[in-house]
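See below for the structure under consideration.
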């Protein structure tokens, strides 16, 4: 099988490269390290590309910008891919307002380029679009909440499982990042539904793992571990540090993609996160880091929350599990913390 992974040096992309290479498939990665342009040296993914080259056997890297339609079409016409996993993106909620045109071009136009290339050159392929829960904007904040000692939670039993795919994606505040990703999400659905292509849309919660190049503006757990291990100071932006996220390991993300590849449903949308079991607030995260490392997290509070940010977000995974009953989470929240901590400590020791 010929596999294309965009954003192949990023967290989910690199996990996909390593998984499909280990299964004996020919993997082509597209990544031009724009993360370094977005976030500076801390966001640079060169280290991850070098790691992939050292642990894979059939991986080929292509330094192509997904906005470059001509080069993308040339790549597709010569390779005839069976599976496309589209992870490349400008990923930051906060960065987008500084680079709105670039953000939209990468997230929306880049996605259309890839979908159209798939339609023209390999229409039978499975196409996985890595979307985000930010397509819901701040609509999830309308769900009634209760404030507990160290977290917010849903007030009504009917909302126990979290935010479902029925949550609206318009008439709310998104951030420009959320808007550009919504455009990509909807056009991906359209290619699936209108053209009958095997396009699956996965709206990720907090995707995480040891291969994340976390920065303050993107990569919650990865960045938190960097700060904790190095002795830096973490900034908490609003909501008393009680805002909740559900976290999913990059390996479990790829296994959801695999489930879709084997039984594709054109234009279908799935929420993909850690669910209630892997949900944690920032204050609870500090406690768990301190428990696992013995290091106290230094942090300061910024009263202004991020615009359009979610106060309490837990992914309702029931639709995904009903369509793909063999898929399940394999990493608990503690497992995830331990793995990232080990990676960060090793990196810090050799820095």
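The values are calculated or read from the model by the stated rules, or taken from the named source; none is laboratory data. Model, not experiment: these values are computed from the prediction. Because the Cβ atoms are built from the backbone with ideal geometry, glycine has one as well, and the counts that use them run over all protein chains shown.
General remarks:
- Residue 280 vs. criteria in a loop (DSSP other than H, G, I, E, B), under 24 Å from residue 175 (Cα atoms) and in contact (Cβ under 8 Å) with a residue 24 or more places away in the chain: no
- Filter pass, residue 184 being crowded, with 19+ Cβ neighbours inside 10 Å, at pLDDT 95 or above and either at negative phi or in a helix (DSSP H, G or I) (or both): yes
- Failed condition for residue 80, given (1) surrounded by fewer than 16 Cβ atoms within 10 Å (Cβ to Cβ); (2) under 30 Å from residue 306 (Cα atoms); (3) out of contact with any helix residue (DSSP H, G or I) (no Cβ under 6 Å at 6 or more places or on another chain); (4) touching a residue at least 40 places away in the same chain (Cβ under 8 Å): (2)
- Of the set (1) modelled with pLDDT of 95 or more; (2) in a loop (DSSP other than H, G, I, E, B); (3) closer than 30 Å to residue 262 by Cβ, all apply to residue 211 but (1).
- Residue list for segment 187-203, filter: within 21 Å of residue 93 (Cβ to Cβ) and either surrounded by fewer than 23 Cβ atoms within 10 Å (Cβ to Cβ) or touching a helix residue (DSSP H, G or I) at 6+ places or on another chain (Cβ under 6 Å) (or both): 187, 201, 203
- When segment 19-39 is limited to residues that are surrounded by 22 or more Cβ atoms within 10 Å (Cβ to Cβ) and without any contact (Cβ under 8 Å) to a residue 40 or more places away in the chain, the one that is farthest from residue 72 (Cα to Cα) turns out to be 27.
- In segment 96-111, residue farthest from residue 81 (Cα to Cα) [restricted to those that are touching a helix residue (DSSP H, G or I) at 6+ places or on another chain (Cβ under 6 Å) and buried (at least 17 other Cβ atoms within 10 Å of the Cβ)]: 96
To keep it simple, each residue is scored yes or no on (1) more than 20 Å from residue 242 (Cα to Cα); (2) without any contact (Cβ under 8 Å) to a residue 60 or more places away in the chain; (3) assigned to a loop (DSSP other than H, G, I, E, B); (4) over 20 Å from the mean Cα position of the chain (by Cα).
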site: 103; (1), (2), (3), (4): yes, no, no, no
site: 115; (1), (2), (3), (4): yes, no, no, no
site: 153; (1), (2), (3), (4): no, no, no, yes
site: 165; (1), (2), (3), (4): yes, no, yes, no
site: 174; (1), (2), (3), (4): yes, no, yes, no
site: 199; (1), (2), (3), (4): yes, no, no, no
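- Residues satisfying the stated conditions in segment 10-30, i.e. touching a strand residue (DSSP E or B) at 6+ places or on another chain (Cβ under 7 Å) and either in a loop (DSSP other than H, G, I, E, B) or at pLDDT 95 or above (or both): 12, 13, 16, 17, 20, 21, 25, 26, 27, 28, 29, 30
- Test for residue 236: is it modelled with pLDDT of 95 or more and surrounded by 16 or more Cβ atoms within 10 Å (Cβ to Cβ): no
- Residue ID - nearest to residue 22 (Cα to Cα), chosen from residues in segment 45-64 that are part of a helix (DSSP H, G or I) and either in contact with a helix residue (DSSP H, G or I) (Cβ under 9 Å, 6 or more places away or on another chain) or at pLDDT below 95 (or both): 55
- Criterion: part of a helix (DSSP H, G or I), within 20 Å of the chain's Cα centre (by Cα) and within 27 Å of residue 281 (Cα to Cα) - qualifying residue of 96, 89, 158, 108: 96
Let's see how each residue does on (1) in a strand (DSSP E or B); (2) buried (at least 17 other Cβ atoms within 10 Å of the Cβ):
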| position | (1), (2) |
| --- | --- |
| 299 | yes, yes |
| 309 | no, yes |
| 322 | no, no |
| 326 | no, no |
| 337 | no, yes |
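- Residue check for residue 42: surrounded by fewer than 24 Cβ atoms within 10 Å (Cβ to Cβ), part of a helix (DSSP H, G or I) and modelled with pLDDT of 95 or more: no
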